[in-house]
Amino acid sequence: MPSSIPAQGASDLEDVIVPKFVTIGYGDEEGYARTEAAVREAAHAHDAELQGQGVVMGRAGRPVQVRNPDAARVGTAEGSFMTSALPLMGFAIIEAASLSDAIALVAQSPCAVAHGVVEVWPLDDAAGGAPSGA
């Protein structure tokens, strides 16, 4: 759900909604190894800066699938439900004014610069409104 922050310069202190995005990074050791060390170091510094600004970020652990058909019986299975050409490496939840701004934030991340890919998913408003990136 988007968070609210006071509008800069607003006389009546209206709240501004800041959209949130989930980012999913994919990459592998081969792509990482063929990326110049200076580029990798700059990408890790960029991630550290984002974390310092409050971005929630982390490496992906081992997934567990959870199902509960008809809310009658919880079942679990180890492993990922989705498959991809590259291993899933990590997640982040970021705030950005727009989808374009979110893309600019993640474009310098390790997965993006080391021959991987980062997906940016706008989070829909929990109250049923338009997607955050709209």
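Just to verify a number: FRET efficiency for Glu49 and Val74, C-beta to C-beta distance, R0 = 41 Å, to 0.05?
0.55
Under the combined filter of DSSP loop state and at most 10 neighbouring Cβ atoms within 10 Å, region 41-114 retains none of its GluC sites (Glu not before Pro). For the pair Ile93 and Phe81, label points projected 7 Å from Cα toward Cβ lie 1.8 nm apart.
Restricting the trypsin sites (Lys or Arg not before Pro) of region 15-96 to loop positions (DSSP other than H, G, I, E, B) with no more than 15 neighbouring Cβ atoms within 10 Å leaves Arg34, Arg73. Residues Thr83, Thr23 in ascending order of nearby Cβ atoms (within 10 Å, fewest first): Thr83, Thr23.
Sparse packing (at most 14 other Cβ atoms within 10 Å of the Cβ) combined with a DSSP loop state is found for the following chymotrypsin sites (Phe, Trp or Tyr not before Pro) in region 11-99: Phe81.
We did not get these values from a lab; they are worked out from the coordinates using the rules stated. What you see is a predicted model, and the numbers here were worked out from it, not measured in a lab. Using ideal geometry, Cβ is built from the backbone for each residue, glycine included, and neighbour counts are taken over all protein chains shown.
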